[in-house]
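Asker: Here you go, one structure.
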Amino acid sequence: MSEDAPPFQTQDHDSLTIPLLSHQQRSINSTSQVAIVGANVCPIESLDYEIVENDFFKQDWRARGKVQIFQYIFMKWLLCFLIGGFVSLAGFFNNLAVENIAGVKFVITSNMMLAQRYWMAFLVFSLSNLALTLFAAIITAFISPAAAGSGIPEVKAYLNGVDAPGILSIRTLIVKIVGSIAAVSSSLLVGKAGPMVHTGSCIAALFGQGGSRRYGLTWKWLRFFKNDRDRRDLVTCGSAAGIAAAFRAPVGGVLFALEEMASWWRSALLWRAFFTTAVVAIILRALIDVCLSGKCGLFGKGGLIMFDVYSANVSYHLADVPPVLALGVIGGILGSFYNFLLVKILKVYNLVNEKGTFYKNFIACTISIFTSCLLFGLPWLVSCQSCPSDASEDCPTIGRSGNYKKFQCPPGHYNDLASLIFNTNDDAIRNLFSKNTDSEFQLSTMLIFFVTCFILSIFSYGIVAPAGLFVPVIVTGASYGRFIGMLIGSWGNLSHGLYAVLGAASFLGGSMRMTVSLCVIILELTNNLLLLPLIMVVLLVSKTVADAFNGNVYDLIMKVKGFPYLETHAEPYMRQLTVADVVSGPLQLCHGIEKVGNIVHILKTTMHHGFPVIDESPHSESPVLYGLILRAHLIALLKKKAFLCTPVQLGADAFRHFSSDDFAKKGLGNVDKIEDIELTDEEMEMFLDLHPFTNASPYTVVDTMSLAKALILFREVGLRHLLVIPKISSRAPVVGILTRHDFMPEHILGLHPSLVRSRWKRLRFQFPLLLKIF
């Protein structure tokens, strides 16, 4: 049974329950109430995106004048400005720390290699990687397990209406930033874009808490944001700012939030998200100017200076289209296979993580040691290359970064594989994308590097540390794109660097299944609008091919983690069912004027969050649905103890005892519990008038509505509860309550097993080849 579903009644309080329709078999929703958040299994709840239109809400809005409305609008824009400012600072210092920490490690290793102290160089390289990985794993496992992974699946589920403890807390924010710096600096093939999205969302959520009494932030203007709707908008802006800070792609960040993250969008939110990312771009531009002047230490040529990585005039002809199409097909196949393997590895990691913290850290250390051995050993397998006479930089490279790493080669030669491995991922991307370097890398080098990145990125993502997928996917795609370009050689007009760009686009499209946002992000990275037609073709082809095999990587990860995510479309079998076929029961409810003892009993014996309120005689001639009241509001009423000695309506006195702030959403982690309220026996026999506090206009559907239509309504409006009422007048004014768990395929197919067989037959008919493969 789901957490938000209508609760079940115990044997001694039958007067508070009504059964489902007489012809309907009583069902229990047994879908999971927990999900894997980061690295731990946690209970999950739903968010209240619906406006609770009770008497206090109406009175609060009637009392607002022009000044209050101006305050509300001004604070929205001010918070967006602050989110953009803080996310840009977080992104800049994240990159600055990674470039300097990894830079010191690479410089020391390179110096030892120049002195031919190879074993000492390997020891320094592997131990520093192990220390950084272990540090990231320990702080994640012990301080905030919710910070593990990229965080994009968790934020995407949050914007869909799923809440989990700790995913947007200040503790998670700190661990996400520090852990991401350590993990990326440790030469693990993980990215920083996903953690930046989570970081931006955490910053936005903290700004949207509506103030804090603990820290003295109780400014009256902040009270406007004590609701899930405004917090959702701010988190959406924060996720857009995260991508903008990771890639210096402000427009791409907005489109990423629209295409991939948000389940609910409107034009006003588009403007605020664009404003937020614009703030990020402006501040980053100013900070990068400081680094270009040499004041940022060992800041490499990659990082936030990946902008303008391929600023060359691009000329292509009709003969170049078939290779580009082939690149898209290969990217779609490889991307779907990548997703398939990643899901399998994550399932294994989840089983191991359940055994305890020691095993989590053991996996992280094992992957770190394996990665260090592989990265240090592979360059010995390739032959040294003679330095080109027309090299645009020193060859071999001495120092932090460059395209020509000497490694073990004699003077005047360089190791092309070491030039990719002994750099940060950002510098490796820059080397792969760079123009006029068609003769820099060997064919065997590209093949080895592609296979290495493909395998390491899969095994590195699931460890208990902040780790993103964006950059590893770009590196992997760029390596096989350049490999294909080298195979084509003089047959085409495109350079190897351009093939690397198109390969990265195809692998991104095959794995993440985004089109518009990825296209703009790549264009903003390369600073070359002439690439637009080729990138569009590659993304469309790769996404189309990959969609025939499985879903996008973040949706698959959410499914593995157990988040009850509501898709944008309804499954075909939902057209065959009505809401009465899946609603759970029997249903527990409250009366308009209810005894305090009954309310306490309901709250203590259930963990559910919404209860129908009905009026009966003498307040109504026949039982009638008055509305819906939330668990949090019932607890707020009990805390105030504004009880009545007799069962009469409170009327206008309610506004003297309560204010709208009493029913505002608490900050992150601040939830009142029924166990904390102490009541005497005399108070338990008193009454509460629930009418002023009940949402008198909840969303309702008749029991004959198709389940598909109910799902679309539930998701598009952002509901937590959807009341089901009988189409034909009966003794019961309400049939049940639908929650997101009632729309989950596990629950529906569990109630109607015949749909499983028909669904399998349809899949076998439509995709016989894919079912044989997978």
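The values are calculated or read from the model by the stated rules, or taken from the named source; none is laboratory data. In this text the structure is predicted, and so the values were computed from the model without any measurement. Please note: Cβ atoms are built from the backbone with ideal geometry, for glycine as well, and neighbour counts cover all protein chains shown. Side chains are part of the model used for accessible areas, which takes the heavy atoms of the whole protein and leaves out ligands, DNA and RNA. Shrake-Rupley method; radii C 1.70, N 1.55, O 1.52, S 1.80 Å.
Asker: Among the residues of segment 470-500, write down those that are in contact with a Gly (Cβ under 6 Å, 6 or more places away or on another chain) and at pLDDT 90 or above.
Answerer: Step one: of segment 470-500, the residues in contact with a Gly (Cβ under 6 Å, 6 or more places away or on another chain) are 470-472, 477-478, 480-481, 496, 499-500.
Answer for segment 470-500, where residues must be in contact with a Gly (Cβ under 6 Å, 6 or more places away or on another chain) and at pLDDT 90 or above: F470, V471, P472, G477, A478, Y480, G481, Y499, A500.
Asker: Looking at segment 688-708, is at least one residue assigned to a helix (DSSP H, G or I) and modelled with pLDDT of 90 or more?
Answerer: Filtering segment 688-708 down to residues assigned to a helix (DSSP H, G or I) leaves 691-693, 707-708.
Of the ones still in play, those that are also modelled with pLDDT of 90 or more are 707-708.
Within segment 688-708, one or more residues are assigned to a helix (DSSP H, G or I) and modelled with pLDDT of 90 or more.
Asker: Moving on to the next point. Which numbered condition in (1) at pLDDT below 95; (2) more than 21 Å from A246 (Cα to Cα); (3) assigned to a helix (DSSP H, G or I) is the only one that E154 fails?
Answerer: If we test E154 against (1) at pLDDT below 95; (2) more than 21 Å from A246 (Cα to Cα); (3) assigned to a helix (DSSP H, G or I), just (2) comes out false.
Asker: What number of residues in segment 91-107 are farther than 15 Å from N129 by Cα and either touching an Asp or Glu at 6+ places or on another chain (Cβ under 6 Å) or surrounded by 24 or more Cβ atoms within 10 Å (Cβ to Cβ) (or both)?
Answerer: Final tally of qualifying residues: 3.
Asker: How do the helices (runs of 4 or more DSSP H) wholly within segment 484-565 filter down when requiring 2 or more residues that are open to solvent by 10 Å² or more (accessible area, probe 1.4 Å): which remain?
Answerer: 516-526, 532-547, 553-561
Asker: Does segment 518-532 include one or more residues that are in contact (Cβ under 8 Å) with a residue 40 or more places away in the chain, in contact with an Asp or Glu (Cβ under 8 Å, 6 or more places away or on another chain) and on the phi > 0 side of the Ramachandran plot?
Answerer: Yes - at least one qualifying residue is present in segment 518-532.
Asker: Same structure, new question: Yes or no: I455 part of a helix (DSSP H, G or I), without any contact (Cβ under 8 Å) to a residue 24 or more places away in the chain and of a type in the set (A, V, I, L, M)? Please lay out each step first, then the result.
Answerer: Details: part of a helix (DSSP H, G or I): yes; without any contact (Cβ under 8 Å) to a residue 24 or more places away in the chain: yes; of a type in the set (A, V, I, L, M): yes.
Taking the combined requirement at face value, the residue satisfies it.
Asker: Give the number of residues within segment 405-452 that are among the charged types (D, E, K, R), in a loop (DSSP other than H, G, I, E, B) and under 16 Å from E393 (Cβ atoms).
Answerer: As a first pass, look at segment 405-452 and keep what is among the charged types (D, E, K, R): 405-406, 416, 426-427, 430, 435, 438, 440.
Those left that are additionally in a loop (DSSP other than H, G, I, E, B): 406, 435, 438, 440.
Keeping just the survivors that are under 16 Å from E393 (Cβ atoms) gives 406, 435, 440.
Total satisfying the criteria: 3.
Asker: State whether one or more residues within segment 751-758 are buried (at least 18 other Cβ atoms within 10 Å of the Cβ) and either under 23 Å from the mean Cα position of the chain (by Cα) or among the basic types (K, R) (or both).
Answerer: No, segment 751-758 has no match at all.
Quick grid of which residues meet (1) modelled with pLDDT under 95; (2) part of a helix (DSSP H, G or I); (3) touching an Asp or Glu at 6+ places or on another chain (Cβ under 6 Å):
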site	(1), (2), (3)
G200	no, yes, no
L206	yes, yes, no
F224	yes, yes, no
R231	yes, yes, no
A240	no, yes, no
L258	yes, yes, no
S263	yes, no, no
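Asker: Would you point out the residue of segment 314-342, among those that are under 27 Å from the mean Cα position of the chain (by Cα) and among the aromatic types (F, W, Y), that is surrounded by the most Cβ atoms within 10 Å (Cβ to Cβ)?
Answerer: Result: Y338.
Asker: To continue, here is another question. Take segment 733-750 and flag every residue that is surrounded by 19 or more Cβ atoms within 10 Å (Cβ to Cβ) and either of a type in the set (D, E, K, R) or assigned to a helix (DSSP H, G or I) (or both). Break it down stepwise before answering.
Answerer: First, pick out the residues of segment 733-750 that are surrounded by 19 or more Cβ atoms within 10 Å (Cβ to Cβ): 733-744, 747-748.
Hits for segment 733-750 are R740, H741, D742, F743, H747, I748.
Asker: Within segment 460-469, identify whether any single residue is part of a helix (DSSP H, G or I) and out of contact with any strand residue (DSSP E or B) (no Cβ under 6 Å at 6 or more places or on another chain), and answer yes or no. Outline the logic, then answer.
Answerer: Here is the first cut: in segment 460-469, the residues part of a helix (DSSP H, G or I) are 460-461.
Subsequent filtering for residues that are out of contact with any strand residue (DSSP E or B) (no Cβ under 6 Å at 6 or more places or on another chain) retains 460-461.
Among the residues of segment 460-469, at least one is part of a helix (DSSP H, G or I) and out of contact with any strand residue (DSSP E or B) (no Cβ under 6 Å at 6 or more places or on another chain), which makes the answer yes.
Asker: I599 is checked against (1) assigned to a helix (DSSP H, G or I); (2) over 30 Å from the mean Cα position of the chain (by Cα); (3) under 19 Å from F56 (Cα atoms) and fails just one. What number does that condition carry?
Answerer: The failed condition is (3).
Here's the yes/no breakdown for (1) in the same structural domain as R720 (by the TED database); (2) open to solvent by 30 Å² or more (accessible area, probe 1.4 Å); (3) assigned to a helix (DSSP H, G or I); (4) at pLDDT 90 or above:
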| site | (1), (2), (3), (4) |
| --- | --- |
| T109 | no, no, yes, no |
| M120 | no, yes, yes, yes |
| L123 | no, yes, yes, yes |
| I138 | no, yes, yes, yes |
| A146 | no, no, yes, yes |
| T172 | no, no, yes, yes |
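Asker: While we're here: What about S128, is it under 30 Å from P396 (Cα atoms), open to solvent by less than 70 Å² (accessible area, probe 1.4 Å) and either in a helix (DSSP H, G or I) or not hydrophobic (A, V, I, L, M, F, W, C) (or both)? Even if it seems obvious, please write down each step before you answer.
Answerer: On the way: under 30 Å from P396 (Cα atoms): yes; open to solvent by less than 70 Å² (accessible area, probe 1.4 Å): yes; either in a helix (DSSP H, G or I) or not hydrophobic (A, V, I, L, M, F, W, C) (or both): yes.
Spelling it out, S128 is indeed under 30 Å from P396 (Cα atoms), open to solvent by less than 70 Å² (accessible area, probe 1.4 Å) and either in a helix (DSSP H, G or I) or not hydrophobic (A, V, I, L, M, F, W, C) (or both).
Asker: So, in segment 612-648, of the ones that are touching a His at 6+ places or on another chain (Cβ under 7 Å) and assigned to a helix (DSSP H, G or I), which residue ends up farthest from L47 (Cα to Cα)?
Answerer: Ranking the candidates gives K640 first.
Asker: For segment 343-364, how many residues are part of a helix (DSSP H, G or I) and either in contact with a Cys (Cβ under 9 Å, 6 or more places away or on another chain) or open to solvent by 30 Å² or more (accessible area, probe 1.4 Å) (or both)?
Answerer: First, pick out the residues of segment 343-364 that are part of a helix (DSSP H, G or I): 343-353, 357-364.
When the remaining residues are screened for being either in contact with a Cys (Cβ under 9 Å, 6 or more places away or on another chain) or open to solvent by 30 Å² or more (accessible area, probe 1.4 Å) (or both), the result is 344-345, 347-348, 350-352, 357-359, 362.
Residues flagged as part of a helix (DSSP H, G or I) and either in contact with a Cys (Cβ under 9 Å, 6 or more places away or on another chain) or open to solvent by 30 Å² or more (accessible area, probe 1.4 Å) (or both) within segment 343-364 amount to 11.
Asker: For D426, indicate whether it is in contact (Cβ under 8 Å) with a residue 40 or more places away in the chain, acidic (D, E), in contact with a helix residue (DSSP H, G or I) (Cβ under 6 Å, 6 or more places away or on another chain) and surrounded by fewer than 24 Cβ atoms within 10 Å (Cβ to Cβ). Lay out the reasoning, then the answer.
Answerer: Numbers: in contact (Cβ under 8 Å) with a residue 40 or more places away in the chain: yes; acidic (D, E): yes; in contact with a helix residue (DSSP H, G or I) (Cβ under 6 Å, 6 or more places away or on another chain): yes; surrounded by fewer than 24 Cβ atoms within 10 Å (Cβ to Cβ): no.
In short, no.
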